[in-house]
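To start, the structure under review is shown below, and the notes come after it.
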Amino acid sequence: MQVVGYESGEGLTVASGGAVEFVEATPGTELAFGLGDRRCAGTVHDGEHVACDAADAPYCDAHRHVWVCARCTGTCLKDEMDCREAHAVYLAAFAPDVLKVGVTRLWRLETRLREQGADRAAHVRTYPDGRIAREVEAELAERDDLVDRVRVPTKLAGFGRDVDATTWEALLEGFDPIERFAFDYGLDLDDRPVAERMASGTVRGWKGRVLVLDRGGSTYAVDARDLVGYELTEEVPDRELQSSLGAFGG
């Protein structure tokens, strides 16, 4: 049974012999899998999994899908522009003080922010198509106080911490937000969880694509993308894991 995908906040998509199933990983769920060999996750087509034996993971060159819109700065990289619908330009804060500018289709703004694990956000502009929105995003990303990409390790550094309100409000002074967002992912963290690659423990919750698990008195943060391509085994390894400070009673 190979992990071939994930749904933030919900669980893992797995495949075996072409059949695709879903392993629930909602808060309170007990996961009890070990990680076996890892290879390319292949692809899912018409509800069936097409396996790939390539050693590259999570995807080989043949199955690595690059979303060209993510690289767009206003000049369309497709044969024909197809983003002719309302797009939102947003600002997002990741604790404690990482500030990001981004673009998404207007109708999925809140979903996109949750997918990224943003702590706070503000919808600051609306444009009739993606081209104009990407131009504005690229211009804003040149500012010293904004980035257009935040990697998972940077996000993990802010788990269990609050957004610096002074920094966030100072950014918004130069805008007139259309709508503000403050997200609570229900993780109730006292300490930063330990980054691990594992699929065993009690699900505490998700923040973006990061799955948070409790195991052996410690709390662990798993980048779900790092699980894609692995074979899941029934034997959970009894290996020594790094413990969080909470495991020692504070």
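Quick grid of which residues meet (1) in contact with a Ser or Thr (Cβ under 8 Å, 6 or more places away or on another chain); (2) of a type in the set (Ser, Thr, Tyr); (3) open to solvent by less than 20 Å² (accessible area, probe 1.4 Å):
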site: ASP164; (1), (2), (3): no, no, no
site: GLU179; (1), (2), (3): no, no, no
site: LEU187; (1), (2), (3): no, no, yes
site: GLU196; (1), (2), (3): no, no, no
site: SER200; (1), (2), (3): no, yes, yes
TODO: Exactly one condition in (1) polar (S, T, N, Q); (2) open to solvent by less than 80 Å² (accessible area, probe 1.4 Å); (3) modelled with pLDDT under 95 is not met by THR75; state its number.
DONE: (2)
Task: Among (1) touching a residue at least 12 places away in the same chain (Cβ under 8 Å); (2) surrounded by 12 or more Cβ atoms within 10 Å (Cβ to Cβ) - the single one ARG149 does not satisfy - done: (2)
TODO: Kindly indicate the residue of the stretch 82-96 that is in a loop (DSSP other than H, G, I, E, B) and of a type in the set (Gly, Ala, Ser) and also modelled with the highest pLDDT among those meeting that condition.
DONE: ALA95
Task: Every residue from the stretch 97-139 that is outside any helix (DSSP H, G or I), open to solvent by 30 Å² or more (accessible area, probe 1.4 Å), of a type outside the set (Val, Ile, Thr) and closer than 22 Å to LYS155 by Cα - done: ASP97, ARG120
Task: Cβ-Cβ under 6 Å pairs, at least 6 apart or on other chains, the stretch 167-196 side touching a residue at least 24 places away in the same chain (Cβ under 8 Å), far side of a type in the set (Phe, Trp, Tyr) and part of a loop (DSSP other than H, G, I, E, B) - done: LEU189/PHE159; ARG192/PHE159; PRO193/PHE159
Open item on the list: Go through (1) open to solvent by less than 70 Å² (accessible area, probe 1.4 Å); (2) at pLDDT 90 or above; (3) aliphatic (A, V, I, L, M) for ALA70 and report which single condition fails.
Closed with: (2)
- [ ] Could you please find all residues in the stretch 17-38 being farther than 28 Å from LYS207 by Cβ and either modelled with pLDDT of 95 or more or not assigned by the TED database to the domain that holds TRP206 (or both)?
- [x] ALA19, ASP37
Open item on the list: TYR127 - would you say it is touching a helix residue (DSSP H, G or I) at 6+ places or on another chain (Cβ under 9 Å) and under 26 Å from GLU85 (Cα atoms)?
Closed with: yes
Open item on the list: Need the failing condition index for GLY205 against (1) under 22 Å from THR29 (Cβ atoms); (2) part of a loop (DSSP other than H, G, I, E, B), just the number.
Closed with: (2)
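The values are calculated or read from the model by the stated rules, or taken from the named source; none is laboratory data. For clarity, every value in this text was computed on a predicted model and none was experimentally measured. FYI the Cβ positions are ideal-geometry reconstructions off the backbone, even for glycines, and counts take in every protein chain you see. What goes into the accessible areas is simple: the full protein's heavy atoms, side chains included, and nothing from ligands, DNA or RNA. Shrake-Rupley method; radii C 1.70, N 1.55, O 1.52, S 1.80 Å.
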